[in-house]
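The values are calculated or read from the model by the stated rules, or taken from the named source; none is laboratory data. The structure displayed is predicted, hence computed values, not measured ones. Glycine also receives a Cβ, built like all others from the backbone with ideal geometry; neighbour counts cover every protein chain displayed. Surface accessibility is based on the protein's heavy atoms, side chains included, excluding ligands, DNA and RNA. Shrake-Rupley method; radii C 1.70, N 1.55, O 1.52, S 1.80 Å.
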Protein chains: 2
Amino acid sequence: MPTTRKPRDVLHLNEQLCFSLYSTMHLLNRTYRPLLEKLGLTYPQYLAMLVLWEEDGVTVKALGERLLLDSGTLTPLLKRLESAGLVRRERDAADERLVRITLTPAGRALRARAECVPPAILAASGCTVEALQDLKEQVLTIRDQLSAHLEHEPSPPPAPKRRKAP
Amino acid sequence: MPTTRKPRDVLHLNEQLCFSLYSTMHLLNRTYRPLLEKLGLTYPQYLAMLVLWEEDGVTVKALGERLLLDSGTLTPLLKRLESAGLVRRERDAADERLVRITLTPAGRALRARAECVPPAILAASGCTVEALQDLKEQVLTIRDQLSAHLEHEPSPPPAPKRRKAP
DNA sequence: CCCAATTCTATTGCGCGCAATGGAATAGGG
DNA sequence: CCCTATTCCATTGCGCGCAATAGAATTGGG
């Protein structure tokens, strides 16, 4: 008797599967909000700052690959960080297509004030670091699987290389 | 020697903790998108339909409690479902404050076409039902913890009951 | 019964997330 | 060296998510 439980309504069970991730993300976001508000950041802006604190001067493209976001999301977000005085956006002199994002002194200084955020989130989660680390591994396994699936599936991947056939 | 690993940069480690949930949610959403597109639904609309397929005639408030969303999100979403011909929005006769959402025949019929979605997502995740079920439990544990934390924390909870002191 | 407090939905404004489009700069085959 | 792909960023439009506000209906203390 392997998987012969009740043939539970698929559309009912499913609500519990992916919806748990969905709703947890929202609650996590609401937990971050009041903390990040003090820094004048939204959660996606905070993520961008994390990358910049690791590696200053990245291009928009590199930032997008790291965060899995495209320019349609990043361009306005970075403009807001710029007008908040945290970063500068400048074209690369060698390759004018690239826009490099560099931290201002205020942007670097914000790092110290951000250090109290992760411990606060950890406390709110009510978990040990080990438990969260373990959960992270499991979630990343699914993430990588979804990522691979998305790469192999897309209906019409432009396919051809160079030269078009007219 | 308990937690005496490298005192890894908190702002680096953290990026991996919550960011894994954040990015997995987005990839999951991108996996759902092409499937739901065939049904003419977005993911949040799909969630709303899941609730309605379970319990027709719910109020906007009940829907919001189930999905953890407020009227600012639900009102326009439900209006779009209505103009797509899937639901009707009507004031409750007994209590005119309430708006009840009921399925149209087209809304009920869509359920059959939605049944192929969960299996497709399961396949894309590359996991067994058991593994996902287990992961769900862990995520929900954190969700409940965050939920409790959010209820007890909010800086100024309006506090007073009835009667104001002028 | 009356009036103030509460409940419930709608509206507005802002910030993502993403698809689609456009345009400037670079790279690479001929 | 051209001329065409390609790369990279910006822009537009739409749909959430959420805070804040407003307004109509209901409730409950006096």
Considering every residue within segment A:103-113, establish whether at least one is of a type in the set (S, T, N, Q), outside any strand (DSSP E or B) and within 22 Å of B:LEU17 (Cα to Cα). no
Could you check segment B:58-83 and list, in sequence order, the residues that are more than 8 Å from DNA strand D (Cβ to nearest atom), under 21 Å from the mean Cα position of the chain (by Cα) and surrounded by fewer than 15 Cβ atoms within 10 Å (Cβ to Cβ)? B:LYS61, B:GLU65, B:THR75, B:LYS79
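Residue-by-condition table, conditions (1) farther than 16 Å from B:PHE19 by Cβ; (2) in contact (Cβ under 8 Å) with a residue 24 or more places away in the chain:
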| residue | (1), (2) |
| --- | --- |
| A:LEU36 | no, yes |
| A:GLY40 | yes, yes |
| A:TYR46 | no, yes |
| A:GLY57 | yes, yes |
| A:LYS61 | yes, yes |
| A:GLY64 | no, no |
| A:GLY72 | yes, no |
| A:LYS79 | yes, no |
Is it the case that segment B:143-158 has a residue that's of a type outside the set (Asp, Glu), at pLDDT below 95, part of a helix (DSSP H, G or I) and open to solvent by 90 Å² or more (accessible area, probe 1.4 Å)? yes
All but one of (1) within 15 Å of DNA strand C (Cβ to nearest atom); (2) touching a Cys at 6+ places or on another chain (Cβ under 7 Å) hold for A:ALA93, so report the exception by its number. (2)
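Could you identify the single residue in A:LEU86, A:LEU13 that is away from DNA strand C (no atom under 13 Å from the Cβ), surrounded by 14 or more Cβ atoms within 10 Å (Cβ to Cβ) and among the hydrophobic types (A, V, I, L, M, F, W, C)?
A:LEU13
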Does any residue of segment A:37-53 turn out to be open to solvent by 20 Å² or more (accessible area, probe 1.4 Å), more than 9 Å from DNA strand C (Cβ to nearest atom), among the basic types (Lys, Arg) and over 16 Å from the mean Cα position of the chain (by Cα)? yes
Do you know which residues across segment B:5-57 are among the basic types (Lys, Arg) and facing chain A (nearest Cβ under 7 Å)? B:ARG30
The conditions are (1) of a type outside the set (Phe, Trp, Tyr); (2) open to solvent by less than 80 Å² (accessible area, probe 1.4 Å); (3) out of contact with any Phe, Trp or Tyr (no Cβ under 7 Å at 6 or more places or on another chain), and B:ARG111 fails exactly one of them. Which is it? (3)
